[in-house]
Structure formats: C-alpha cells, structure tokens
1. Only one of (1) surrounded by fewer than 20 Cβ atoms within 10 Å (Cβ to Cβ); (2) small (Gly, Ala, Ser); (3) not in a loop (DSSP other than H, G, I, E, B) fails for Gly126. Which number is that?
2. What residue, of Ala141, Ala150, is closer than 20 Å to Ala35 by Cα, aliphatic (A, V, I, L, M) and modelled with pLDDT of 95 or more?
3. On the given criteria, is Gly97 open to solvent by less than 20 Å² (accessible area, probe 1.4 Å) and either under 17 Å from the mean Cα position of the chain (by Cα) or at pLDDT 95 or above (or both)?
4. So, of the residues in region 142-167 that are over 17 Å from Phe80 (Cβ atoms) and within 19 Å of the chain's Cα centre (by Cα), which turns out to be surrounded by the fewest Cβ atoms within 10 Å (Cβ to Cβ)?
5. Sort out which residues of region 55-67 are assigned to a helix (DSSP H, G or I) and either buried (at least 21 other Cβ atoms within 10 Å of the Cβ) or without any contact (Cβ under 8 Å) to a residue 60 or more places away in the chain (or both), and write them in order of number.
6. Kindly provide the set of residues from region 245-268 that are part of a helix (DSSP H, G or I) and either on the phi > 0 side of the Ramachandran plot or open to solvent by less than 60 Å² (accessible area, probe 1.4 Å) (or both), ordered by number.
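The values are calculated or read from the model by the stated rules, or taken from the named source; none is laboratory data. All values derive from a computational prediction rather than experimental measurement. When we count neighbours, we look across all protein chains shown, and the Cβ atoms used for this are built from the backbone with ideal geometry, even at glycine. Accessible surface areas use protein heavy atoms only, side chains included; no ligands, DNA or RNA. Shrake-Rupley method; radii C 1.70, N 1.55, O 1.52, S 1.80 Å.
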Amino acid sequence: MGRGLIKGVLVLAVATAAVGVFVTRATPIDSSPLAGRAIDPAKGETVFVAAGCASCHAAPDAEGDEKLILAGGQRFPSDFGTFIAPNISPDPNAGIGSWSLGDFASAVKKGVSPDGQHYYPAFPYGSYVHMNDQDVVDLWAFWQTLPSDATPSQPHEVGFPFNIRRSVGVWKLLYLKDDWAVQVENTPELERGRYLVEALAHCGECHTPRDALGGMNRANWLGGAPNPTGRGNIPSLRPADLTWDPTEITYYLETGFTPDFDSAGGHMVAVIENFAKLPASDRNAVAAYLKALP
C-alpha cells in the first residue's frame, strides 16, 4: 500500500471518528424558552404524579409520604443489564439540589446530564421529550418543595458494550423523536389523552414492543411486550385486544379492578395509584385516546 493511500485512509478514519464524536455528543436543551415563566407548584405536583416520578425514584418499599423522598434504589432489569434508580431528591450532593432549571429540563427531555453525559433510556426521556415547557417549569417548582435525602446513588449494573455512554448518542439518533406516535382528532380530550399516554405517563415504554437495540416499535404502538422481569407479558392496549368500554377503562385506572373482577399487579399498582390522584377528566381522556387508536 502506497504512502499516499495510507495517509488517505488515516485521514478518512480520523474524519469519520470526528463526525461520529460530533453527532453522538450529548447536547443540552435550549433553556431560554423556560426563562421568565410564571410557576405553579400545585400544577407541578399534578405533573409529578402523572409522570410517576415517585413510582421509580422512591426507595424500595416506601409507603405514604415516604414516597416523596426520592432517594432511589429501585432495580429495573432489562436485556442490557439492571438499571438502578438514582437519588433525585433536592439534596445538593447526593441528589439534584445543585441543578439549574436548564439542567433539569435537559435531563427530562433530552436525557443529558449537567456534566454532558448521556443518561440511559431506562429513564423515559423518550416519552418525556413531548412534555411542554410550562409543565417542565411547574414540575421543577414542585421539586423544590420535596424533602432532601443524602443516600448515595448506586451504579447501574450494565456490562460492556452497553456501559459505553457515548453509544447512547447513537440510540438517540435512531429513536429519540419529538413527533407523536399517533395522530388524533383535534379535540381537547383526545389531545389530553395522547399527552398523558405518550408523554407524562409514558405508557408506551412498557406496553410497546422493542427491537434488538431497545427502541420502541412504533408500528405496533401499545401492542404489548414481554415483561423485562422475565415474568409473563405486558398486555396490548390496542382496541382489538383491550375490549373494555371507556367506563371500564376509567374505573380500572381509578381502582385497579378489571371488568372480570381481577386486580392490577406488578408495576401497574403504582400506575393506578397515580392515576387515581388525577382528575376524572384525565382518566376519561386516556380512555378516549385508547379507544381512538387505529
């Protein structure tokens, strides 16, 4: 191989590597649209409940008001390893108390840490990317009212090559999209239902099958998926499979009881607890959205 050809190959390799580094970088959100907004912590609490923040980040077996102590520690197994929810309480050292609003928004909507690292998509920013700016601001305002906790976060149990954070940048290029999975009629109820299902409550994260790289298969949106714990399957929510009428869906979301007198189990128990705290109009909106699925 001639010297010129070798030099050309090396230049091409370096250029390719540089492009790869650039396109997979962790880019924080433009936080300027968040500045100067009026804040409403009470509305932020509603966002907090709908988004299920405490369901994942409270300590294992926390009950009652202890669920507001976001000390982390819950374990979430997957095909890529076990992810352990971190401390996201307002503690300035163990938690996120030193963050700015921009840091928080970048984490929630882009999966980017304050020090410029990618978060693993076990954190459902693939759904939270749809959150509107006002909800992010109000949620951050509510966060300031939560108790601090100094429990250190535990490292994820993820092996090579999935422990290479930079590779998450490739995942984001493929799957982090801010368009809706389903187009609905332009009515307030259906748009609210879509916002709850696709964004805040991130239902697709569990109820949609994934491909080999862990991306949601939008062609089978909410079509059911294997349980990542290895125990059974998470059911389809599509109308052909979920034959409950809207009243039965809203009753289930409020009480956890199915039309055939069964009850919710597993992680769905926490989801029901959250939906039961939301206004009845929100549960109705979710039911309307599910029945409108193609």
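1. Condition not satisfied by Gly126: (1).
2. Details: Ala150 fails: closer than 20 Å to Ala35 by Cα.
Within the list Ala141, Ala150, the selection yields Ala141.
3. Numbers: open to solvent by less than 20 Å² (accessible area, probe 1.4 Å): no; either under 17 Å from the mean Cα position of the chain (by Cα) or at pLDDT 95 or above (or both): yes.
The answer is no for Gly97.
4. Step one: filter region 142-167 for residues over 17 Å from Phe80 (Cβ atoms), giving 142-153.
With the extra rule that they be within 19 Å of the chain's Cα centre (by Cα), the set shrinks to 142-143, 153.
Working: Phe142: 20, Trp143: 23, Ser153: 15.
Of everything passing the filter in region 142-167, Ser153 is surrounded by the fewest Cβ atoms within 10 Å (Cβ to Cβ).
5. Step one: of region 55-67, the residues assigned to a helix (DSSP H, G or I) are 55-57, 64-67.
If the condition is that a residue be assigned to a helix (DSSP H, G or I) and either buried (at least 21 other Cβ atoms within 10 Å of the Cβ) or without any contact (Cβ under 8 Å) to a residue 60 or more places away in the chain (or both), then Cys56, His57, Gly64, Asp65, Glu66, Lys67 are the ones that fit.
6. Narrowing region 245-268 to residues part of a helix (DSSP H, G or I): 246-255, 268.
Passing the criteria: Ile249, Thr250, Tyr252, Leu253, Thr255, Met268.
Residues checked against (1) free of Cβ contacts under 8 Å to residues at least 12 places away in the same chain; (2) among the basic types (Lys, Arg); (3) under 25 Å from Ala59 (Cα atoms):
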| residue | (1), (2), (3) |
| --- | --- |
| Trp140 | no, no, yes |
| Leu146 | no, no, yes |
| Glu157 | no, no, yes |
| Phe160 | yes, no, no |
| Ser167 | no, no, no |
